[in-house]
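Here is the structure we will look at, set down as structure tokens.
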Amino acid sequence: MTIQKSPDMEAMMRPELLKLEEYTPVEPLDRLSKRLGIPVEQIVKLDANENPYGSSPAALEALKRQQYYHIYPDPSSLNLREELEKYTGINKERIFVGSGSDELLELLTRLFIVPGDNILNFVPTFGMYSFLGELYRAQIRKVPRHANDYSIDVKAGLAAIDERTKLIFVCTPNNPTGNSAPESVVRALLDTGKIVVVDEAYHDFAGHSFIKLTNIYENLVVLRTFSKLSGLAGLRVGYGIVPEAIARQLWKIKQPYNVTVAGQEAARASLSEGTWISEHIQKIVAERERLYGLLQQFSDHFEALPSSSNFIFCRMKKGRAKQIKNELEKRGVLVRHYNKPLLENAFRVSVGRPEQTDIFIEHLKQIIYTQ
Ligand SMILES: Cc1ncc(COP(=O)(O)O)c(C=O)c1O
């Protein structure tokens, strides 16, 4: 059999995509468990801001009850949107559901960006905004946050806006730094008339939401997710409160079956469990404060920043964050490591269950004081 010589594939691809950073996949838990020789249930996973208590019982029940996984899902996620209408108080015509808020971010970028437009990004922040901007050939206007506390530099932000600015992304609480943006900052950005996308994936832990401003500003989009507090990261469901003019167009450009049957059912069920939701917010917020207190004992080694989210960002004063991350991993504790501009030599630890916090702190002590 002769193999036909392949053409130069890369020469045929979009050149700007070839320049994107290589994708490094996250190691699945079962594989990591095999590699480390530690059972999955003993791994303390504090690297992705998931809910350490898992999904709500009502969501798990709904998944068991559902009998129609062989039927395509409702493309309009209507039942879920009706439930979200009750939950948020926002008319369902302004609620758009996606396969995680990641998909909503992509749809918005697809809708607004033509090559040469720009997006405003207050860095450091969640990487998806700049990744999608690059994918759709936008110029990424990076406005550095204030170095001490990562608050947004509004003056610099406003100065960076021009007629080709299409989207302004505000992550609040900000991932990975944990701080929230004050309403005055968001309003100042909204007053420019540009589309402001407030990504409030972690708003439950901050006790504050920007949703109410969607009744005042027609240029505001607020994104939320079921991946964090609701513990449904593996099912991929997010939603946005979007102006009707945007919603109308998003319907046209999304994949028809973007949200799975399982995702729609589980998300809907988890909204019905008000007590579970409020109890878990309380538990995670209380544990965040305890963790923050415990981290202060290492203040000679790193600074733990105050957080209004379900994770804490730590920047090293001495020693290497990468080494801490690697040593913790060998012991079955996962944290996220950073070493890039404005996030040099740092790590982020998610809030776990109290016993997980204790294991993390014990290992951290061993690593820092005995190595
Ligand atoms: C700020 C922020 N926005 C959005 C997402 C993505 O959420 P989803 O799982 O809904 O796609 C994440 C996930 O880590 C995040 O941190």
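Values quoted throughout were computed directly from the atomic coordinates according to the rules given, and no laboratory measurement underlies them. Keep in mind that what you see is a predicted model, and the values were worked out from it rather than measured. Using ideal geometry, Cβ is built from the backbone for each residue, glycine included, and neighbour counts are taken over all protein chains shown.
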Dividing the mean separation of Cα pairs under 8 Å (6+ apart) by the residue count of the chain yields a relative contact order in percent of 22 percent
Counting only DSSP loop positions in the stretch 173-264, the GluC sites (Glu not before Pro) whose Cβ has at most 16 other Cβ atoms within 10 Å are GLU218
If the chain between GLN139 and THR24 were fully extended at 0.36 nm per residue, the gain over the current Cα-Cα distance would be 39.0 nm
Rounded to whole angstrom, the alpha-carbon centroid of the stretch 1-61 lies from that of the stretch 143-172 at a distance of 31 Å
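For LEU17, LEU108, which order do you get if you count the other beta carbons within 10 Å of each Cβ and list the fewest first? Numbers along the way, then the final one.
Details: LEU17 11, LEU108 28.
Sorted ascending by nearby Cβ count, the order is LEU17, LEU108.
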Note, the stretch 325-331: 3J(HN,Hα) by Karplus (6.51, -1.76, 1.60, θ = phi - 60°), whole Hz, Gly/Pro = x, goes 4, 5, 5, 5, 4, 4, 8
Cα-based Rg and Dmax for the chain, in Å, come out at 21.4, 69
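Write down Rg/Rh for the stretch 59-272, rounded to two decimals, with Rg from the C-alpha atoms and Rh from the Kirkwood relation over Cα pairs. Before the final figure, lay out each step's value.
Working: Rg = 17.0 Å, Rh = 17.6 Å.
Taking Rh as the inverse mean 1/r over Cα pairs, Rg/Rh reads 0.97.
Taking other Cβ within 10 Å of each residue's Cβ, how do GLU50, GLU41, GLU303 sort, fewest first? Intermediate values should be presented prior to the final figure.
Working: GLU50 19, GLU41 7, GLU303 14.
By the 10 Å Cβ count, ascending: GLU41, GLU303, GLU50.
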Per the stretch 179-311, sqrt(5λ) over the Cα gyration tensor eigenvalues, sorted largest first, in Å, gives 30, 22, 13
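Just need the Rg to Rh number for the stretch 190-259, please, alpha carbons only, Kirkwood Rh. All intermediate terms of the calculation are to be shown ahead of the outcome.
Numbers: Rg = 13.3 Å, Rh = 13.3 Å.
We get a ratio of 1.00 for the stretch 190-259.
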Plugging the Cβ-Cβ distance of ALA286 and ALA48 into 1/(1 + (r/R0)^6) at R0 = 22 Å yields, to the nearest 0.05, a FRET efficiency of 0.60
Karplus ³J(HN,Hα) for the stretch 289-295 (6.51 cos²θ - 1.76 cosθ + 1.60, θ = phi - 60°; Hz, whole; x = Gly/Pro) runs 5, 5, 4, 4, x, 5, 5
Length gained if ILE71 through THR192 is fully extended, taking 0.36 nm per residue and subtracting the Cα-Cα distance, is 39.1 nm
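Hey, how much of the P(r) for the stretch 228-371 falls beyond 24 Å, as a percent of Cα pairs? If you can, show how the numbers build up before the last one.
Numbers: 4922 of 10296 pairs.
Distances greater than 24 Å cover 48 percent of the Cα pairs.
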The answer for ASP153, listing residues at least 5 apart or on another chain whose modeled amide H is closer than 5 Å to its amide H, is HIS146
Going from the fewest other Cβ atoms within 10 Å to the most, one would list ASP102, ASP358, ASP149 as ASP149, ASP358, ASP102
Computed for the stretch 59-272: size of charge dipole around the Cα centre, +1 on C-beta of each Lys and Arg, -1 on C-beta of each Asp and Glu, debye to nearest 20, value 220 debye
